[in-house]
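First comes the structure, then the notes that go with it.
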Amino acid sequence: MTRPRPTRSAAAAALTLGLALSLAPALPASAHTGGAAGVPNLGPNVTVFDPGTPVSEIQATLDATYAKQVDNEMGTARYAYLFKPGTYGTAEKPLQIKVGYYTEIAGLGANPGDVVINGKVEAYNRCLGSDPANPNCIALVNFWRTLSNLTVNINGTGQDGCRQTANFWAVSQAVSLRRTQFNGGTLSLMDYCTAGPQYASGGFIADSKLPATTNGSQQQWLTRNSEVASWSNAVWNQVFAGVTGAPDDSAFPNPPYTTLPTTPVSREKPFLFVDAKGKYQVRVPAAKRNTAGSSWDDKSGRSIPLSDFYVAKPGDSVAKINLQLALGKNLLLTPGVYDIAQSIHVFRPNTVVLGLGHATLTAVNGSIPLDVADVPGVIVAGVTIDAGAKESPVLLRVGRQHGFGYSSASNPTTLNDVYFRVGGPHIGKTNIALEVNSDDVLIDHTWVWRGDHGVEGFTNGVNGDTDRWRTNTGRYGAVVNGDDVTATGLFVEHFQKYNTVWNGERGTTVLYQNELPYDPPTQADWMNGKVQGYAGYKVGSKVKKHQLYGGGVYVFNQNNPSIHTANGFEVPSTPGVKLKHIMTVNLSAGIVDHVVNGVGEAADTTKVGQPVFVTNYPAVP
């Protein structure tokens, strides 16, 4: 996240699944799941709305949750609000939804047009300052929220004049917008209606249809496999892959657009829907190659009845979850925080692990919370994984090094919207956050974050950030050892050695965003042997082929502004390793001496906020 910041984490006989349907005498228009006929028990923090619900009732419910979650950045509450097919709100009485932390808003249609919101679905700046003259209204910490699978007819009736015509989605990392269509007005990725500075930093859109879109202050963004009427301006690092209507990038870096006509590998995120018979299913899209535009008319993939899932709730033991996986179930994690003292083992090909409402797995006693075998077709989606107070070797492992290598290019294991935290809500420790050893894996939007602010372990004692460096520890963010791995939207920040290490052959990254750690106490703490610091993106020295499209490494050595980092990117000098449209930028403290391998000017304090770009590495003759 970028500055400015507030001060800142083969088994026995089959078991019954336990999706007990209530025999309530009447179906209310909206209900917490498990309390209405025909609605599966998805736990107390999932609410299903029916189009017969009065708009005022829906509005009051969502407003109450927003009031609780708007500032609950490091809290444990998790919510999912699901809308059955139908229309919600009218021109005269629109439904205007504001989305706070750990809140998922999603339609239950088979197609995004099956659920229509007349109104808005928005995220605004948080005003973090106590001084009315300097309220510090920003979106830099607007993390962890989800919007998907619906259509929004933008209607600002009743809002102030500034907000009436645009749907504001002022967000930063760990926020996804998928399978959504906006009609009328504009989509603004910044909130320009509050007092300044109105900064925003990072986000992700996939498989959507967008109106005229204002990027505004968004520093980095990935839009893929979508349609956009128009796109205005850019700040540092804007990437488009397979987007109809995407801006041309021939003038890079003015503006700093990176545009790929197609996405090399894609697989849309699984989603819950209600079929024509009122039964709940999970749609699992197929993987595709070299695609553009939305996938809504694509009939490939499969639908899995919810009865084929074990629906887990916080407090369920890992032993129970693992037994259900061994008995052939998929896994649905309902909203909440799960303490994981031993690994959840996903070992069958094509298993789906789907989280609702930012379901969070927290490592206990140094566990590896999620361990995926070296098999094809596994999908992990919508899950957040936290480090615990005792160091874990890794938080999510995909395959084992020197494993059997059972993978499939046409059916890649896929991670959609999987987020990692080392610190923030509590002290966290890990050696590696995400380790990918399998071949043919797709990482489709992840934020791998060692916390730069949070509740504990950040301002202990008189040394402040020095204490954080010693207590909130994470050496490596993402380590990719498998071959033919693709990442679309790889956000990795603040780790104490290499943020990303890519050792596998034929890897591809489409948008990389990194911020180096804020908190090394001294240069001696930030040394890689005799080299000053660790690059934000490292490609292994033996790699022969690798591609990166649109990468940024930012420096803000807040704890010691004199610290140097030799290079933002470090790669082998070989023709098969190609980096396109990369940059470093100084956020007012510390120095990155070069962009890549000694090429590019220093990002120092004479260029605060001014990116140093390298268009191609190696240079194109």
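The values are calculated or read from the model by the stated rules, or taken from the named source; none is laboratory data. As the structure is a computational prediction, the values presented were derived from the model and not from experiment. Every residue, glycine as well, gets a Cβ built from its backbone with ideal geometry; the counts of neighbours run over all protein chains shown.
Identify the residue in region 487-518 that is acidic (Asp, Glu) and crowded, with 24+ Cβ neighbours inside 10 Å and, among all such residues, is nearest to PRO412 (Cα to Cα).
So the residue we want is GLU493.
Residues that are assigned by TED's automatic domain parsing to the domain that holds VAL171, in contact with a Phe, Trp or Tyr (Cβ under 9 Å, 6 or more places away or on another chain), part of a loop (DSSP other than H, G, I, E, B) and surrounded by fewer than 20 Cβ atoms within 10 Å (Cβ to Cβ): does region 224-246 have at least one?
Within region 224-246, one or more residues are assigned by TED's automatic domain parsing to the domain that holds VAL171, in contact with a Phe, Trp or Tyr (Cβ under 9 Å, 6 or more places away or on another chain), part of a loop (DSSP other than H, G, I, E, B) and surrounded by fewer than 20 Cβ atoms within 10 Å (Cβ to Cβ).
Could you list, in sequence order, all residues of region 249-284 that are out of contact with any Phe, Trp or Tyr (no Cβ under 7 Å at 6 or more places or on another chain), surrounded by fewer than 22 Cβ atoms within 10 Å (Cβ to Cβ) and in a loop (DSSP other than H, G, I, E, B)?
SER250, ALA251, PHE252, ASN254, PRO255, PRO261, THR262, ASP275, ALA276, LYS277, GLY278, LYS279
Just a yes or no: is a residue in region 108-121 under 17 Å from GLN173 (Cα atoms) and not in a strand (DSSP E or B)? If you could, list the steps in order and put the result at the bottom.
Kept after step one, since they are under 17 Å from GLN173 (Cα atoms), are these residues of region 108-121: none.
Checking region 108-121: not a single residue is under 17 Å from GLN173 (Cα atoms) and not in a strand (DSSP E or B).
Tell me yes or no: at least one residue of region 184-196 is touching a Phe, Trp or Tyr at 6+ places or on another chain (Cβ under 8 Å) and within 20 Å of LYS269 (Cα to Cα).
The answer is no, given that none of the residues of region 184-196 is touching a Phe, Trp or Tyr at 6+ places or on another chain (Cβ under 8 Å) and within 20 Å of LYS269 (Cα to Cα).
Can you tell me which residues in region 67-84 are surrounded by 13 or more Cβ atoms within 10 Å (Cβ to Cβ), over 20 Å from the mean Cα position of the chain (by Cα) and within 17 Å of VAL121 (Cβ to Cβ)?
Listed by number, the residues that qualify are PHE83, LYS84.
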